[in-house]
């Protein structure tokens with residue numbers, strides 16, 4: 001009853017004391033068989049899914065209808081493993097290990113295709129109106145690129161390969177984390193480091209709060225921390241009993257009270273930002289052919305205070321009630 005009492009005292013409207021293993025209220029298949037990558041827009045209205053056989057599919061989640069089908073390569077082989085939708089739903093950036101493409105969500109047309117020869121691409125992100133693209137690479141470099149002006153800035157803060165990155169909606173701030181045990185918040189206009197977030201093992205996941213309040217950084221061992229972007233100070237460290245927890249995705253609620261995370265083991269969790277305590281847990285549907293039955297949660301999103309969404313390697317988009 002601990003969680004119930006806490007929720008009543010804080011007068012939270014997001015969640016009651018339901019069964020943590022409650023099933024999804026709706027499920028819809030976005031990709032046949034396995035999905036190789038996927039992302040959900042910040043407002044949970046769009047999802048983009050990559051499948052090696054069927055290419056990249058854009059879905060309207062309000063109607064469950066396909067909007068566009070894309071291919072990253074002319075030969076029809078789709079090896080896209082990274083997808084990011086701009087906060088304002090205007091553009092999508094996709095990448096495989098060697099190339100990245102900017103797509104316009106208004107007409108479904110590509111607006112640029114670029115090849116990286118120096119090192120393999122690890123992660124990508126795009127800001128509102130496609131103004132800026134971040135490309136994290138295995139050599140530790142992060143490139144900020146403006147397609148319309150061709151301006152390019154190389155961030156050289158990391159000493160080892162970059163594993164994860166994110167960009168603010170306006171494109172002015174980047175968050176990157178790598179194998180050097182560090183995550184940096186830095187200014188894309190100058191390359192200047194704003195905050196340095198240190199860990200005791202390699203940083204595997206970083207996420208920015210779209211409202212500009214927090215950052216989430218998680219490492220490969222024990223620490224998954226929420227930071228105050230104004231001060232650079234730690235707000236909380238997520239509290240869990242396991243010796244290790246890997247996070248594949250995360251999203252902050254619009255009101256800033258909660259963090260929603262996904263993992264490689266079907267698990268999706270809701271956490272209180274201020275305390276780092278776990279509020280609830282769900283398990284996404286596993287892939288039918290996987291043994292043992294499991295799925296990687298690729299992306300999560302808050303639709304509102306009562307509804308959340310997940311998309312996973314099972315090729316399914318699932319809706320969950322928080323009450």
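No lab work stands behind these numbers, since they all come straight from the coordinates. Just so you know, these numbers come straight off a predicted model, no measurement behind them. For neighbour counting, all protein chains shown are included, and Cβ atoms are generated from backbone atoms with ideal geometry for every residue, glycine included.
A few comments on the model shown:
- Ranked by the mean number of other Cβ atoms within 10 Å of their residues, highest first, the peptides 190-198, 299-307 come out as 299-307, 190-198.
- Computed from the Kirkwood radius of its Cα pairs, the Stokes-Einstein diffusion coefficient for segment 27-103 at 10 °C and 1.306 mPa s stands at 128 µm²/s.
- From least to most packed, judged by other beta carbons within 10 angstrom and beginning with the fewest, 273, 235 follow the order 235, 273.
- Gyration tensor (alpha-carbon) shape descriptor, segment 104-257, a/c threshold 1.5: prolate
- Computed over the chain: relative contact order in percent, which uses C-alpha pairs under 8 Å that are six or more apart: 14
- Euclidean distance of C-alpha centroids, segment 213-240 and segment 171-192, integer Å: 15
- Computed [θ] at 222 nm, deg cm²/dmol, the chain (DSSP H ≥ 4; -39,500 (n - 2.57); rounded to nearest 500): -1000 deg cm²/dmol
- Prolate/oblate/rounded label for segment 102-178 (Cα gyration tensor, a/c 1.5): prolate
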